1. In nm, give the distance between the simple-model label positions of LEU85 and THR117, each being 7 Å from the Cα along the Cα-to-Cβ direction.
2. Rounded to whole Hz and in sequence order, give me ³J(HN,Hα) for the range 325-332 from the Karplus expression 6.51 cos²θ - 1.76 cosθ + 1.60, θ = phi - 60°, writing x for Gly and Pro.
3. If R₀ is 41 angstrom, what is the calculated FRET efficiency for the pair ARG175 and ALA252, using the beta carbon separation as r and rounding to 0.05?
4. Which far-off residues, 5 or more places away or on another chain, put their amide H under 5 Å from the one on GLU191, with H placed in the peptide plane?
5. Sequence-distant or interchain residues sharing an amide H contact under 5 Å with VAL154, placed H: which?
6. Using only Cα atoms, locate the centre of the range 202-231 and the centre of the range 123-179, then give the distance between them in Å, rounded to an integer.
7. Starting from the amide H of PHE363, placed 1.01 Å from N in the peptide plane, find each other amide H under 5 Å away whose residue is 5 or more places distant or on another chain.
8. Can you compute 3J(HN,Hα) from phi for each residue in the range 337-344, using the Karplus curve 6.51 cos²θ - 1.76 cosθ + 1.60 with θ = phi - 60°, rounded to whole Hz and x for Gly and Pro?
Amino acid sequence: MPLSLRVALSSLRAHRLRAVLAMLGVFLGALALTGVQHTSMAMVRKAEMEVEKFGPNLFIAQAGQVHFSRSGTLRQGAAAKTFTLADAEALAGSLPNVAAWAPFASTQLPIRAGAHTVPCRLVATWPAFMEVRSFRPALGRFFSEAENEARAKVVVLGRKIAQRLFGRPAKAVGREVIIATGSYRVLGVMEEKGRDLAGDDQDESVLMPLNTYLRRAANQDWISGVYMQLAPGTEGENLKESAARLLRARHAIGPVEKDDFSLITAKESIKLQKQALDLVFTLGVISSSVSFAVGGLGILSIMVLLVRARRLEIGVRRALGAKRRDIVRQFLTEAALMSGAGGLFGVAASLMLTVSLAVAGIFPFVFDPGLVLGALAGSAALGVAAGAYPAAQAAKVAILDVLREN
């Protein structure tokens, strides 16, 4: 081990309290920088995973006013009954790069099986829903196109609904449930999916053939909208203008009138969440910069005090042959060790926080080695910068002055 490192470690052990106080600011800076950034990246990754659950390259045309909140979730505004199956067919037939599509109608209804009654989100759609939304049965099967055409009284249950009604999802297949005043046979139970962009739990949904719902359950001519899966590489934003022109013409909406529909791409959620996280990123950088600055000033002040307290040690080392550059190297090493140790502990604490959030299932685990190495290198560099002045002062200590003082 080099002499300057041994002397530095010995000095830090002898002045533990001062060293810990000097490390504290750097510790908080590294914790704020790596902790906030890793959490932000985990939040973005979670949003991307939610979009993947919602369906790849999904483009939605929906009745009424729907918008994204600042958090990136969908919020339903004024409802409308002007969207028809013909509108969905016109969109799917005229827009380019529509690989698959499925119209849908949704509502909130209670569902009953035996003595158990629970609320659910009823979604009436076509069999293509499975492909468009990447959502398939884990037990049993989905309804067929023939069953949709025949208006068959069949449903597929979300996993949580099946569990709440029958105790175990496997027991639901083949059983009868009551929706409104009709009895429906359960064909299958969907895979576990989680919440969608609107915040609705997809595991609490019930899926029904669209024709069955429109003619048997609701007796209505309008639908809620249409899900469209775009071909890979297609930008949904480029289709919005064409889709809006088509729907405005079909609905006879005047030039100054507002749309009675909404056009949504799932990727908008990620974009808005990233915009919201920009503020978090900025605040994290500001807080970490302040903490690093406080840590740098702490190391500077501690090192100045150490130079004054160790004038005799410096004089003796100079008398025994140590050169000025040896003294400078020693104090720079001490400053870098304090700052580097503070940064290391801060990074370790932030990684423990990231792992804890991942284990708890709050956010996915995200690790950026570049960010960690940058924080460690920055911490060490801060120590060297803060220790430069005290090291220069230590190197100027004159041997004769020390001897006179002692």
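Every number here is computed from the coordinates shown, using simple stated rules; none is lab data. Given the structure is predicted, the values throughout are model-derived calculations rather than measurements. All Cβ positions, even for glycine, are placed from backbone atoms using ideal geometry, and neighbour counts span all protein chains on display.
1. Between LEU85 and THR117, the label points sit 3.1 nm apart.
2. 5, 5, 5, 4, 4, 4, 6, 5
3. About 0.35, to the nearest 0.05.
4. Here ARG136, ALA138 satisfy the definition.
5. Counting only residues 5 or more places away or on other chains, the set is ARG185.
6. 12 Å
7. Those qualifying (amide H under 5 Å, at least 5 residues apart or on another chain) are ALA358.
8. 5, 4, 5, x, 5, x, x, 4
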